[in-house]
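Heads up: the structure comes next, in structure tokens.
The values are calculated or read from the model by the stated rules, or taken from the named source; none is laboratory data. This one's a predicted model, so the numbers in the text were calculated from it and none came from an experiment. Glycine gets a Cβ as well: all are built from the backbone with ideal geometry, and neighbour counts include every protein chain shown. These area figures cover heavy atoms from the full protein model, side chains too; ligands, DNA and RNA do not enter into them. Shrake-Rupley method; radii C 1.70, N 1.55, O 1.52, S 1.80 Å.
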Amino acid sequence: MKIGLEVHVSLPTESKLFCSCRTYAEEPNTAICPVCTGMPGSKPVLNERALSIAVNIARALMCKVPTATSFVRKVYFYPDLPKSFQITQKDGPVGVDGKLFLEDGKEIRIRRIQLEEDPAKILRQDDYTLIDFNRSGTPLVEIVTEPDILNEKELREFMTELKSILYYLGVDIDRELKADLNISLSDVRVEVKNITGTKNLLDAAKYEIERQEKAIKSKQGIIHETRSYIEKEMSTAPSREKESDEEYGFIFEPDLTIYSTKRTNPVKAVYASKLAKEYANKYKVKEAAMRELILFNRDALALIESSKGKYDMKAIITAIELLQRYVKGKSRTSSETLGKVASLVEKGMYPDKETILQIEAGKDTNLGGNAASTAEIDKEIKQLIKENSALLKEYKKNTKVFNFIVGSVMKKYKANPRLVSERLEKILSSFRQ
Amino acid sequence: MNSIKEFMACDKPDGYAEKLLSELRKANERLNAFNNITEHLADGMPFSVKDNICVKGVETTASSKILKGYIPAFNATAVQRMLDNGFSFLGKTNMDEFGFGSFGINSENPARNPFDESYAAGGSSSGAAVATSILKHHVAIAESTGGSISAPAAFCGVVGFTPTYGAISRYGLIDYANSLDKIGIMARSASDIKYVFGILNGPDAKDTTSLDIKYKSENKKSIILIDQLIKNIDKDVESNFMGFVDRIEGMGYVIKHRSMPFIDKAIPSYYIIAMAEASTNLAKYTGFKYGFKNEDFTSNYNKFFTDARSAFGTEAKRRIVLGTFVRSASVKDRYYSQALKLRALLLQELNKLLSEGFILSPTMPIKVPKLEDVKKLSALENYKMDVMTIPPNLCGLPHISFPYAYKNGMPLAAQLTTSHGNDNAALDFVQEWERSFKYKFKYNIGELR
């Protein structure tokens, strides 16, 4: 099985790719101008910020980035395309021959990365169609892979790694991801076009793999075709588009020029997946927990990096979880705050919301002291068990009681819930024996 | 003192504008210079705008049925700069549909030559040239892709200037072939043009290809004649032109005869690039948001688009078909890519010649033709009429057409080409010529007495 992808991600720019319209507006057809509606006489002017982001994506995906990049016209007729051509890239894309590594180090080759404009949005109603040009001309980057993805697991991993790399470049693609999926189990290639969102992409792949497997087993055969994904049914169906390679008649976009990629502001790529592995090994914590924490969390990563080696990494992870749970609306917690919380956790304490907020506000002078000893915790647990002995007989079925006891002990001693749970389990099982 | 400044400074008699407009409307009924004329002419020097250049709130059709009713929501940069500098908008001038033509006949009502109405005005900026030829105080904003300023200026006996590619912003110009399109100026004297060029040139944030350079006037006092161009043309045109060359020699210029490699490839290269780009520019006319449209919205979009696109004229359709062919994947290398290489080669060769002096030629290979006769020409015969105007246009070189003689009551014109950025040298040369040669006009609408 071979899977290749074309992923379209929209770039987080304030204005569109070739005009100064906003990239988003609530009311349809309000963020529009003569350029993005293709009015005769208008001319495109490149948004250099978008070029900069595209070049940084190409660099992060380890592409060869040519010193100069240029645009072409791709001509086709469709109601969402106001000029009847899309300004995109062909011979001078921002990047070629890149790569992305999966968790186990397997390399997926990136064929090319190009910058282009998004068409308008079509809203199909029962017996008519509406067009919203707000989206027309918003910047997209298309990432094309070689067919190196061999199964669903690799596809999922690829998407996670890609999204994490893009996340750290400031490109959040969860909402606006669009992809074309090339998938072949035999030597016949099937393309599933215009899939929106990662979940649909994975579902479409799953369906398509099963469909092709069945077709091969039943000797029905597979035909080379373009299909589309039907979200409601979680299936794919042949689309009405022609099978032949379309004739786009590409020519150089003569209203634009050749742009240097050297002028762009380089942003250093962050490979959070690789860092998670490194930290997990170095600080003896689970890689999965580390990935969970930093793949899509630049604050968490910054905190870990700023506190390297000073505290036990398990305490750091707990402290970050606590800070992110309680200190909302603050994009960045200081490493000083993190240090204080982590040192409490290290001592076996589990600070509550009030404590965290006090630390954050700098009013933490009386938080010293030591955490409760295991003996103290055990004593408290036993006392509570005595008070609730009737209910506790069925504690396996009644988690409420269990949680009540854990909560009470936690509150009294600012104890770590994991520790309290462990002790409680132990005591309860000794009772039964 | 230049005549524009003089006109702007003097007091106009009462009712001047009304009289001008009424005389102009009357003349326009016969000559078809304007697609529309303003209702109210403000104070200031009147200027006309070729109908492929956007004027806010004024119907702009590029003389195409498919753009009927298109009213731009913005001014072209060139128009805005004129308005900001004391010029008054007079009207939109007639042209070959989208600029496709050398005689003005690809328009619903072709413009007529003011010297004799049975003769062609030239194209594609036919109306701009006619307007300049009939209005005493006026400048025309025109546009050239392959000779659309030189040709009509020559036939209507006015001065037509096409600057270096990128000198004047194309923002607001309805594209024919973006890498070749140049907004330029027509007037009754080189000095008027120089004044307007000073206003219009300069960079524009809305046009990426606009230039930010200083325009020079360098003159080596040498004139280059490209022999291949002067052979094989109308014999009268050739002999009159050689007589003119003698006069130039008399003005102290050294005349040099040169032959130029690849010059025969200029016409095919030009038409391939121009049509390839035109076919993409014309793709947007699908009858959706403006202009001609099918009122039946029930068909599928392919049929809807096809129906709307039937509104194109024959020459536009021809260029869409040919242009789509030359850029299609299977033949692109043979045509479009080859033409781009030839353009670069031709520029190299022209630059070699221009390092020695200015290039001079007749503007057109024929005398002013009768409208009847040009209608009989095949498409290929039509394209060959651009033999003199295409080389500088293909390479974006500044050039100027100006009358040098009158034969049987019709003007004969020459075209001078200079190097990139040496635009003022072309204008200064013609100013020098104008000191010893007085242009003739049949109309002087708006003359101050």
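Out of curiosity, is A:R227 open to solvent by 100 Å² or more (accessible area, probe 1.4 Å) and at negative phi? For A:R227, the condition - open to solvent by 100 Å² or more (accessible area, probe 1.4 Å) and at negative phi - is not met. Among the residues that make up segment A:250-266, is at least one of them modelled with pLDDT under 90, open to solvent by less than 70 Å² (accessible area, probe 1.4 Å) and more than 14 Å from chain B (Cβ to nearest Cβ)? So far as segment A:250-266 goes, yes, one or more of its residues are modelled with pLDDT under 90, open to solvent by less than 70 Å² (accessible area, probe 1.4 Å) and more than 14 Å from chain B (Cβ to nearest Cβ). When B:N300, B:N294 are checked against the criterion of being over 18 Å from A:K74 (Cα atoms), open to solvent by 20 Å² or more (accessible area, probe 1.4 Å) and within 11 Å of chain A (Cβ to nearest Cβ), a single residue qualifies: B:N300.
So, B:K50, is that one at negative phi and surrounded by 24 or more Cβ atoms within 10 Å (Cβ to Cβ) or not? It is true that B:K50 is at negative phi and surrounded by 24 or more Cβ atoms within 10 Å (Cβ to Cβ). The sole residue among B:A283, B:A278, B:A266 that is more than 13 Å from B:S179 (Cβ to Cβ), more than 8 Å from chain A (Cβ to nearest Cβ) and open to solvent by less than 10 Å² (accessible area, probe 1.4 Å) is B:A266. The condition (being in contact (Cβ under 8 Å) with a residue 12 or more places away in the chain, closer than 18 Å to B:V430 by Cα and part of a loop (DSSP other than H, G, I, E, B)) is satisfied by just one residue among B:K206, B:K216: B:K216.
When we screen B:P72, B:P13 for residues that are in contact (Cβ under 8 Å) with a residue 12 or more places away in the chain, out of contact with any Asp or Glu (no Cβ under 6 Å at 6 or more places or on another chain), open to solvent by less than 10 Å² (accessible area, probe 1.4 Å) and in a loop (DSSP other than H, G, I, E, B), the only hit is B:P72. Exactly one residue among A:L140, A:L181, A:L115, A:L130 is among the hydrophobic types (A, V, I, L, M, F, W, C), in contact (Cβ under 8 Å) with a residue 60 or more places away in the chain, open to solvent by 40 Å² or more (accessible area, probe 1.4 Å) and not in a helix (DSSP H, G or I), and that residue is A:L130.
A count restricted to segment A:71-86 and to residues that are aliphatic (A, V, I, L, M), more than 7 Å from chain B (Cβ to nearest Cβ) and under 13 Å from A:I251 (Cβ atoms) stands at 1. Scanning segment B:211-233 for residues that are within 30 Å of B:P365 (Cβ to Cβ), open to solvent by 60 Å² or more (accessible area, probe 1.4 Å) and not polar (S, T, N, Q) returns B:E218, B:K220, B:K221, B:K231.
Going residue by residue through segment B:31-38, is there one that turns out to be crowded, with 23+ Cβ neighbours inside 10 Å and either in a strand (DSSP E or B) or hydroxyl-bearing (S, T, Y) (or both)? Yes, segment B:31-38 has at least one match. Within segment B:214-225, identify whether any single residue is out of contact with any Asp or Glu (no Cβ under 7 Å at 6 or more places or on another chain) and within 14 Å of another protein chain (Cβ to nearest Cβ), and answer yes or no. No: segment B:214-225 contains no residue that is out of contact with any Asp or Glu (no Cβ under 7 Å at 6 or more places or on another chain) and within 14 Å of another protein chain (Cβ to nearest Cβ).
Mind counting the residues in segment B:303-347 that are among the basic types (K, R), open to solvent by less than 20 Å² (accessible area, probe 1.4 Å) and modelled with pLDDT under 95?
Filtering segment B:303-347 down to residues among the basic types (K, R) leaves B:303, B:309, B:317-319, B:327, B:332, B:334, B:341, B:343.
After this cut, where a residue has to be open to solvent by less than 20 Å² (accessible area, probe 1.4 Å) as well, the list is B:319, B:327.
Imposing the further condition that a residue be modelled with pLDDT under 95 reduces the set to none.
Qualifying residue count, segment B:303-347: 0.
For the structure I just gave you, tell me whether A:D104 is at pLDDT below 95 and away from every other protein chain (no Cβ under 14 Å). The answer is yes for A:D104. Annotation: A:R59 fulfils all but one of (1) more than 12 Å from chain B (Cβ to nearest Cβ); (2) open to solvent by 30 Å² or more (accessible area, probe 1.4 Å); (3) in a loop (DSSP other than H, G, I, E, B); the unmet one is (3). Selection within segment A:236-249: residues that are surrounded by fewer than 17 Cβ atoms within 10 Å (Cβ to Cβ) and more than 14 Å from chain B (Cβ to nearest Cβ). The member of this set that is farthest from B:G323 (Cα to Cα) is A:A237. The helices (runs of 4 or more DSSP H) falling completely within segment B:256-347 that include 1 or more residues that are more than 25 Å from the chain's Cα centre (by Cα) map to B:301-309, B:314-326.
Residue-wise test of (1) away from chain A (no Cβ under 12 Å); (2) buried (at least 24 other Cβ atoms within 10 Å of the Cβ); (3) closer than 19 Å to B:I273 by Cβ.
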{"position": "B:F155", "(1), (2), (3)": "yes, yes, no"}
{"position": "B:G172", "(1), (2), (3)": "no, yes, no"}
{"position": "B:R188", "(1), (2), (3)": "yes, no, no"}
{"position": "B:I199", "(1), (2), (3)": "yes, no, no"}
{"position": "B:G202", "(1), (2), (3)": "yes, no, no"}
{"position": "B:T209", "(1), (2), (3)": "no, no, yes"}
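On the stretch given as segment B:403-419, residues that are closer than 19 Å to B:Y195 by Cα and open to solvent by 40 Å² or more (accessible area, probe 1.4 Å) total 0.
Restricting B:G101, B:G160 to those that are crowded, with 24+ Cβ neighbours inside 10 Å, more than 14 Å from chain A (Cβ to nearest Cβ) and in a loop (DSSP other than H, G, I, E, B) reduces the list to B:G101. No other residue among A:G98, A:G38 is touching a Pro at 6+ places or on another chain (Cβ under 8 Å) and either within 12 Å of chain B (Cβ to nearest Cβ) or modelled with pLDDT of 95 or more (or both) apart from A:G38.
Within segment B:234-250, being among the hydrophobic types (A, V, I, L, M, F, W, C) and loosely packed, with under 14 Cβ neighbours inside 10 Å holds for one residue alone: B:M242. The C-beta contact set for segment A:323-339 (first residue farther than 14 Å from A:I356 by Cβ, second residue at pLDDT 70 or above and assigned to a loop (DSSP other than H, G, I, E, B), distance under 8 angstrom, 6+ apart or interchain) comprises A:S335/A:S307. Condition check for B:R25 on (1) more than 23 Å from B:G160 (Cβ to Cβ); (2) touching a Lys or Arg at 6+ places or on another chain (Cβ under 6 Å): one failure, at (2).
Okay, residues lined up against (1) closer than 30 Å to A:L46 by Cβ; (2) in a helix (DSSP H, G or I):
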residue	(1), (2)
A:T226	no, no
A:R263	yes, no
A:L275	no, yes
A:Y279	no, yes
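Residues that are out of contact with any Phe, Trp or Tyr (no Cβ under 6 Å at 6 or more places or on another chain) and either over 16 Å from A:G38 (Cβ atoms) or not in a loop (DSSP other than H, G, I, E, B) (or both) within segment B:171-191 comprise B:L173, B:A177, B:S179, B:L180, B:D181, B:I183, B:M186, B:A187, B:R188, B:S189, B:A190, B:S191, listed in sequence order.
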